[in-house]
Ligand code: UDP
């Protein structure tokens, strides 16, 4: 056997395990079907700007172990995510906080905001059964209608009454003037881009790009003792129990000959008529400066369009509703019979994962492997 581990996928899960196992003296081969490393956190320089090619990623965590681990491979800047919502030309601060409540209702004190929310959430009695009920019971109907409903239904392509409540619980609600989207002790963007960070993690490890595992499974399985598979679990089994649902995202990128398009990294279009969900202006993840600290004359923007995944598309977000979670569990049972293969990461575990949770899960898997 030439390799102890063949790692399929060079995203954050695969790269974390590759780094750990390589450090422990194991012989590793990492393959990826794309022509580049880093999976969906891949960044590419255009006009001096690190463009997040597969969607914007903002690292944030409360997990000190994860923070200490990842900062070995990159220094992080002080970026704090504070998206702006654009509802038919009205701008609101996100996440839902005193700035949002003031703009929505003219309320000035936290007490007034709370009274407004309490009055509006009365329409929900009992435990919220879906995203709509959860949203109204968190922030009331006005905010639900203007800032949540349109955005969520575009992003997920489903009625808010058919979506799980947990999705909206990702967003904080605060009675303070605080536009920080995340409740996280550590937050930032790796200086120099995510691709460079993954390159540092994979330093000294053999990597083969443009290599499709499932297309060459038989020969690839022969060269390694164990496989760590981070692709889609249903695809691994050739969809034999049915297809899991994913949302895909299409990006329309534009280089503009002006220094400032929207004045913020992310603007969400929360009405239901605008066809895109949000526009990312990548330079603001790094304060509009190049690596020497000079202002950049141009800007790169990406409009995001959400669509239902179909074979041939890139899967982005797993749709973790009951039906899909049940099907995933059936696939998981099958995967447990594959003695040689470990399934992990967003696609391997069919999970709406934040980056820090992916790293934590890979570090746990590493401990499990090493202590076995
Ligand atoms: N969301 C919303 N309005 C917004 C932003 C988010 O209703 O302006 C909801 C929407 O349902 C979305 C969820 O909150 O799916 C989680 O948003 P987040 O920004 O965490 O999603 P991601 O960055 O992973 O796409």
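The values are calculated or read from the model by the stated rules, or taken from the named source; none is laboratory data. Given the structure is predicted, the values throughout are model-derived calculations rather than measurements. Ideal geometry is used to build each Cβ from the backbone, glycine not excepted, and the neighbour counts take in all protein chains shown.
So if I check each of 334, 363, which one is outside any loop (DSSP other than H, G, I, E, B), over 18 Å from residue 236 (Cβ atoms) and either in contact (Cβ under 8 Å) with a residue 40 or more places away in the chain or within 16 Å of the ligand (Cβ to nearest atom) (or both)? Let's see the steps before the verdict.
Working: 334 fails: over 18 Å from residue 236 (Cβ atoms).
On inspection, the qualifying residue turns out to be 363.
If only one of 206, 153 is in contact with a strand residue (DSSP E or B) (Cβ under 6 Å, 6 or more places away or on another chain) and touching a residue at least 60 places away in the same chain (Cβ under 8 Å), which one is it?
On the way: 153 fails: in contact with a strand residue (DSSP E or B) (Cβ under 6 Å, 6 or more places away or on another chain).
Selected residue: 206, the only one of 206, 153 that is in contact with a strand residue (DSSP E or B) (Cβ under 6 Å, 6 or more places away or on another chain) and touching a residue at least 60 places away in the same chain (Cβ under 8 Å).
Could you list, in sequence order, the residues of the stretch 1-25 that are without any contact (Cβ under 8 Å) to a residue 12 or more places away in the chain and not in a helix (DSSP H, G or I)? Before the answer, list the steps.
Within the stretch 1-25, the subset without any contact (Cβ under 8 Å) to a residue 12 or more places away in the chain is 23, 25.
Within the stretch 1-25, 25 is the sole residue that qualifies.
Among the residues of the stretch 146-169 satisfying the criterion of being over 17 Å from the mean Cα position of the chain (by Cα), under 19 Å from residue 323 (Cα atoms) and more than 9 Å from the ligand (Cβ to nearest atom), which is surrounded by the fewest Cβ atoms within 10 Å (Cβ to Cβ)?
161
Go through the residues of the stretch 189-212 one by one and say whether even a single one is within 16 Å of the ligand (Cβ to nearest atom), modelled with pLDDT of 95 or more and closer than 28 Å to residue 96 by Cβ. Walk me through how you get there before you give the answer.
Of all residues in the stretch 189-212, those within 16 Å of the ligand (Cβ to nearest atom) come to 189, 194.
Then keep just the ones that are modelled with pLDDT of 95 or more; that gives 189, 194.
Filter once more, keeping what is closer than 28 Å to residue 96 by Cβ: 189.
Checking the stretch 189-212: at least one residue is within 16 Å of the ligand (Cβ to nearest atom), modelled with pLDDT of 95 or more and closer than 28 Å to residue 96 by Cβ.
Read through the list (1) surrounded by 24 or more Cβ atoms within 10 Å (Cβ to Cβ); (2) at negative phi; (3) away from the ligand (no atom under 16 Å from the Cβ), then give the number of the only condition that residue 38 fails.
Failing condition for residue 38: (2).
Is it the case that residue 74 is touching a strand residue (DSSP E or B) at 6+ places or on another chain (Cβ under 9 Å), away from the ligand (no atom under 14 Å from the Cβ) and touching a residue at least 40 places away in the same chain (Cβ under 8 Å)?
On the way: touching a strand residue (DSSP E or B) at 6+ places or on another chain (Cβ under 9 Å): yes; away from the ligand (no atom under 14 Å from the Cβ): yes; touching a residue at least 40 places away in the same chain (Cβ under 8 Å): yes.
Taking the combined requirement at face value, the residue satisfies it.
Taking the residues in the stretch 82-93 that are part of a loop (DSSP other than H, G, I, E, B) and farther than 9 Å from residue 179 by Cβ as candidates, determine which candidate is nearest to the ligand (Cβ to nearest atom). Talk me through it step by step, then tell me what you get.
Quick first cut of the stretch 82-93, residues part of a loop (DSSP other than H, G, I, E, B) only: 82-83, 88-89.
After this cut, where a residue has to be farther than 9 Å from residue 179 by Cβ as well, the list is 88-89.
On the way: 88: 14, 89: 15 Å.
Applying the filter and picking the extreme gives 88.
Just for the stretch 170-184: of the residues that are within 23 Å of the chain's Cα centre (by Cα) and more than 10 Å from the ligand (Cβ to nearest atom), which one is surrounded by the fewest Cβ atoms within 10 Å (Cβ to Cβ)? Full working, then the answer.
First, the residues of the stretch 170-184 that are within 23 Å of the chain's Cα centre (by Cα): 170-174, 178-184.
Now narrow it down to the ones that are more than 10 Å from the ligand (Cβ to nearest atom): 172-174, 178-180, 183-184.
Details: 172: 15, 173: 16, 174: 18, 178: 16, 179: 18, 180: 17, 183: 13, 184: 19.
Selected residue: 183.
Tell me, please, whether a residue that is out of contact with any helix residue (DSSP H, G or I) (no Cβ under 9 Å at 6 or more places or on another chain), at positive phi and in a loop (DSSP other than H, G, I, E, B) can be found in the stretch 161-173.
No, there is no match, as no residue in the stretch 161-173 is out of contact with any helix residue (DSSP H, G or I) (no Cβ under 9 Å at 6 or more places or on another chain), at positive phi and in a loop (DSSP other than H, G, I, E, B).
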